[in-house]
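One structure below.
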Amino acid sequence: MNSTETWFTGLLQEHGVALSPLQLEQFQTYYELLVEWNEKMNLTGITEREAVYEKHFYDSVTLSFFVEMDKAASLADIGSGAGFPSIPLKICFPHLKVTIVDSLNKRIQFLQHVVQSLKLEDVQCVHGRAEDIARLAPHRDAYDIVTARAVARLSGLNELCLPFVRNGGIFAAMKGADPGEELKEAKRSMAELKAKLTSTEHLKLPFEQSDRHILIMAKQGATPAKYPRKAGLPLKQPII
């Protein structure tokens with residue numbers, strides 16, 4: 001085990017997440033594929049090993065520090081990009097049925113290659129706009145946990161993500177700096193989309209010490225029929 005893997009496994013263990021040799025190997029393969037494919041397409045500006053493990057892998061898994069993954073069966077990751085946080089969470093919690101939604105087909109091709117290379121089961125990579133996919137019966141009001149990491153401001157993000165959450169499920173928005181202003185402007189969208197903020201969690205990355213916030217909302221009813229609106233509107237004209 002190299003030094004990066006040593007601190008990574010140690011920090012996760014402190015939060016009750018134990019990694020097997022196979023899971024560590026999957027993270028290593030994921031890292032290699034990320035760097036390899038990043039030369040052909042823009043997946044991330046971060047490629048140095050320790051930085052990827054801290055800012056992408058560890059950062060993704062922090063969601064499990066505040067949400068009981070063992071009690072969830074399904075997770076949807078909206079606007080996943082290069083697979084964060086869903087792929088690291090799937091590696092750590094193999095029982096999860098994961099759906100990844102992204103609007104760029106090249107990224108979906110990369111993610112499908114990662115899923116095959118890591119031999120991950122029950123992972124569905126869906127190419128399309130969240131506004132369109134959320135209107136399809138298999139995805140609407142369907143998931144225990146829905147998450148998005150650094151995608152958009154909360155007032156628009158709520159409309160992209162909350163329609164995927166089942167009644168009684170949660171939406172966890174993974175943010176960077178203090179989200180206080182975003183929360184104020186997102187109050188109406190939360191109410192319209194049948195969600196209630198249950199907690200705002202704060203942590204710092206272990207080495208960089210940059211702030212992270214996770215906003216956890218409980219879904220309290222079915223998504224109203226008019227949402228989400230047509231593609232593009234939630235971010236251009238958010239519910240505020």
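The values are calculated or read from the model by the stated rules, or taken from the named source; none is laboratory data. Since this is a predicted model, take the numbers as computed values, not measurements. Cβ coordinates were reconstructed from backbone atoms using ideal geometry, including for glycine residues, and neighbour counts include every protein chain displayed. Heads up: the accessible areas ignore ligands, DNA and RNA and are worked out on the full protein's heavy atoms, side chains in. Shrake-Rupley method; radii C 1.70, N 1.55, O 1.52, S 1.80 Å.
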Checking GLY169 against (1) open to solvent by 20 Å² or more (accessible area, probe 1.4 Å); (2) within 11 Å of ALA76 (Cβ to Cβ); (3) touching a residue at least 40 places away in the same chain (Cβ under 8 Å), which test does it fail? (1)
Tell me yes or no: at least one residue of segment 147-154 is within 17 Å of the chain's Cα centre (by Cα), on the phi > 0 side of the Ramachandran plot and open to solvent by 30 Å² or more (accessible area, probe 1.4 Å). yes
Do we have SER64 as closer than 30 Å to ALA218 by Cβ, touching a helix residue (DSSP H, G or I) at 6+ places or on another chain (Cβ under 7 Å) and modelled with pLDDT under 95 here? no
Regarding ALA191, is this residue within 30 Å of ALA51 (Cα to Cα), without any contact (Cβ under 8 Å) to a residue 40 or more places away in the chain, aliphatic (A, V, I, L, M) and surrounded by fewer than 19 Cβ atoms within 10 Å (Cβ to Cβ)? no
Is it the case that ILE78 is under 19 Å from PRO138 (Cβ atoms), touching a residue at least 24 places away in the same chain (Cβ under 8 Å) and under 14 Å from the mean Cα position of the chain (by Cα)? yes
If a residue must be of a type in the set (Ser, Thr, Tyr) and either in contact with a Phe, Trp or Tyr (Cβ under 7 Å, 6 or more places away or on another chain) or at pLDDT 95 or above (or both), how many such residues does segment 67-89 contain? 2
Some residue of segment 20-34 being outside any loop (DSSP other than H, G, I, E, B) and closer than 30 Å to GLY168 by Cβ: yes
Just give me the residues in segment 194-230 being more than 26 Å from TYR53 (Cβ to Cβ) and either modelled with pLDDT under 95 or among the basic types (Lys, Arg) (or both), in sequence order. LYS194, LYS196, LYS219, LYS226, ARG229, LYS230
Residues located in segment 1-48, provided they are open to solvent by 60 Å² or more (accessible area, probe 1.4 Å) and closer than 17 Å to LEU89 by Cα: GLN13, GLU14, HIS15, GLY16, ALA18, PRO21, LEU22, GLU25
